[in-house]
Amino acid sequence: MGNEVNSKVDIDGRSLSVESVLRVARQGATVGVPPLAWEQIRSGREVVERLVSRGDLVYGVTSSVGAKTGVLLDPEHYTEFNWRLLETHNFGHGPTASPEVVRSMLVILLNSMASGRLGVRPILAEKIVDALNSDRHFTVHLWGSTGESDMSPVVDIVLDLYDDVQLAAGEAIALINSSALSIGSAALAIYDIEQLLHNGCVVAALSMEGFAANPSILSDAAVRSRPFEGLALATRLIKNELEGSYLYKEHGPRHLQDPLCFRSLPITYGNAFDVLDFAKKQIGIELNASQNNPVVSIEDDAMVSVANFDMLSLSMALDALRLALAPVVTGSTERLAKLVDSYWSGLSIGLINADELGLPGFNGLAQVHKSLTSEARLLAAPSVNELASSSHSNGNLDRVSMASLSARRSMEMATLSKSILAFELQVAAQAVEMREVQTMLGANTTKVFRFVRSLLPFAGGSQRVPHPAPLMDALEKIDYDLHRILCPLRATEYREAI
């Protein structure tokens with residue numbers, strides 16, 4: 001979301017959005033809790049304290065947990081039990097989360113508290129507000145969650161954040177029954193994948209001009225014959241970039257029908273847009289839903305045992321999104337390969353002019369591109385093929401969602417896809433210039449071509465094929481949002497406009 005102003009984000013337990021998470025996690029926006037949310041926190045805690053004072057048997061509050069569910073706790077040991085419960089789940093190891101992921105976790109945890117459903121005291125929320133607004137750093141290990149609460153990663157934060165706080169009855173279970181890592185990472189991944197899909201259509205348009213592809217795939221007849229919303233969106237995006245292109249003129253396209261990596265462009269991207277809409281709906285609900293057990297019901301003055309920590313809905317949505325992204329990156333590497341291959345492109349071998357050294361040109365880059373795509377495709381494997389075991393906690397915890405793994409794979413796939421997109425953009429620009437049509441491009445693809453050329457030179461003869469690093473750095477600075485160089489509107493406004 002780039003260079004927008006870092007204003008304060010209100011966390012109220014009801015209206016958290018992907019955009020809000022992004023502002024806090026990546027842009028460093030501060031947070032505040034409005035008065036109504038503080039009242040919800042206090043009301044939720046009052047429910048817990050009434051149940052405790054009555055001596056009601058409540059999971060994780062007045063009773064033990066897991067295999068010892070139902071074992072009544074001694075009130076004198078509530079504080080010690082809480083801390084020991086945290087330590088019992090503190091086995092995270094392996095790679096650590098980035099600062100933006102940690103901040104996203106803190107936002108999710110704070111929003112859960114603000115809903116009142118966790119039943120914790122206001123001091124716990126105050127600590128998170130202070131940590132976010134002071135940009136406090138925490139070491140969080142990414143390994144150790146099955147997606148039935150991100151217990152171990154969350155405990156990495158909690159043991160540090162509350163080292164000077166004596167936790168009251170029920171607060172430890174409220175903290176560890178959090179899916180903050182899964183949901184926070186998912187929000188970041190979904191945003192990145194949406195950016196990649198919108199801007200991938202821009203890159204694909206330039207690839208079409210580099211290949212001299214047939215634009216019949218963008219016709220009204222093509223869209224009418226398959227009334228999918230995503231197909232219509234992808235078609236509009238690509239068509240907008242090609243307005244005025246030589247492809248629409250006589251003798252513009254080279255073939256009646258192109259290879260499917262070109263001919264299926266709107267369908268491939270369209271399918272991904274449709275699945276993205278599904279994933280956005282699921283994350284939109286999950287951001288403000290309860291993931292804890294037991295859940296505090298202020299309305300019923302009760303605590304109810306549930307399985308809200310089961311992140312199957314989120315994991316399934318992310319799995320579907322990665323599966324939809326796999327054909328997108330496959331299509332990209334196929335287009336790049338065909339642009340580099342003289343048989344398909346009709347251009348020089350390796351997209352460089354013949355020279356006395358006999359260099360292979362962009363073929364080396366194409367190999368690297370293929371490796372990136374292969375790795376990205378492997379990350380598309382579904383995570384909901386869960387660990388099948390009923391042996392844990394006396395058979396109580398007999399299924400898992402693997403949501404944190406699904407979210408981590410989604411982030412990794414999005415990162416790889418950024419490089420895949422940049423490589424295709426570089427090769428498309430080279431092909432356009434080799435075909436000598438750079439003065440006959442669409443109005444928007446002309447701007448994109450000039451953007452590339454301002455960063456990378458044309459590779460000719462015995463010159464080295466430029467490394468794409470300057471282009472990738474520039475794309476990172478504009479948040480992989482090519483619409484910033486196409487029009488003055490922000491990307492979100494651009495998407496609403498079309």
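The values are calculated or read from the model by the stated rules, or taken from the named source; none is laboratory data. Small disclaimer: the values here were computed from a predicted structure and weren't measured. A quick note on method: Cβ atoms are made from the backbone with ideal geometry, for glycine too, and the neighbour counts reach across all protein chains shown. Heads up: the accessible areas ignore ligands, DNA and RNA and are worked out on the full protein's heavy atoms, side chains in. Shrake-Rupley method; radii C 1.70, N 1.55, O 1.52, S 1.80 Å.
Observations on the model:
- For a modelled paramagnetic label at residue 313, 7 Å from Cα along Cα-to-Cβ, the residues of region 178-196 in reach, with backbone nitrogen under 18 Å, are 178-188, 190.
- Beta-bridge orientation, the chain: approximately 65 percent antiparallel, per DSSP, counting only bridges with both partners inside.
- Anisotropy class of region 401-495 from Cα gyration tensor, a/c 1.5 cut: oblate
- Amide H contacts of residue 63: 58, 73, each under 5 Å away and 5 or more positions distant or on a separate chain (H built 1.01 Å from N in the peptide plane; Pro and chain starts excluded).
- Rounded accessible area per residue of the chain, 1.4 Å, Å²: 41 Å²
- For trypsin sites (Lys or Arg not before Pro), the sites in region 183-256 that DSSP calls loop and that have at most 11 other Cβ atoms within 10 Å are 249.
- Cβ-Cβ FRET estimate between residue 473 and residue 137, R0 fixed at 35 Å, reported to 0.05: 0.90
- Set of lysines with alpha-carbon distance to residue 280 below 27 Å, sequence-local pairs under 8 removed: 8, 239, 418, 477
- Taking a ≥ b ≥ c as the square roots of the eigenvalues of the Cα gyration tensor, an a/c ratio of 1.5 or more together with a/b no larger than b/c marks region 11-113 as oblate.
- Amide H within-cut-off set for residue 33, under 5 Å, with H built and near neighbours excluded: 11
- Membrane-span-like helices in the chain, defined here as complete DSSP H runs extending at least 18 Å along the helix axis by their C-alpha atoms with mean Kyte-Doolittle hydropathy no lower than 1.0, are 99-114, 180-211; this is a sequence and geometry rule, not a statement about a membrane.
- Two-site FRET efficiency, residue 164 against residue 297, from Cβ-Cβ distance with R₀ of 41 Å, rounded to 0.05: 0.85
- Fully extended contour minus Cα-Cα distance, from residue 323 to residue 277, at 0.36 nm per residue: 15.2 nm
- Stretchable slack from residue 219 to residue 285, in nm (0.36 nm times residue separation minus alpha-carbon distance): 20.2 nm
- Helical runs (DSSP H, four residues minimum) scored at -39500 (n - 2.57) apiece and divided by the length of the chain put the mean residue ellipticity at 222 nm at -17500 deg cm²/dmol.
- Here the chain is scanned for GluC sites (Glu not before Pro) in DSSP loops (not H, G, I, E, B) that have at most 13 other Cβ atoms within 10 Å, and the longest stretch holding none of them is 5-242.
- In the chain, a dipole from Cβ-located charges (positive for Lys and Arg, negative for Asp and Glu) runs towards its positive end, and of 345, 231, 204 it is 345 whose Cα lies farthest in that direction.
- Positive contributions from Lys and Arg (+1) and negative ones from Asp and Glu (-1), summed over other residues with Cβ under 14 Å from the Cβ of residue 92, come out at -3.
- Global geometry of region 113-162, whether rounded, prolate or oblate, following the gyration tensor of its Cα atoms and the 1.5 cut on a/c: oblate
- Cβ-Cβ FRET estimate between residue 250 and residue 19, R0 fixed at 45 Å, reported to 0.05: 0.50
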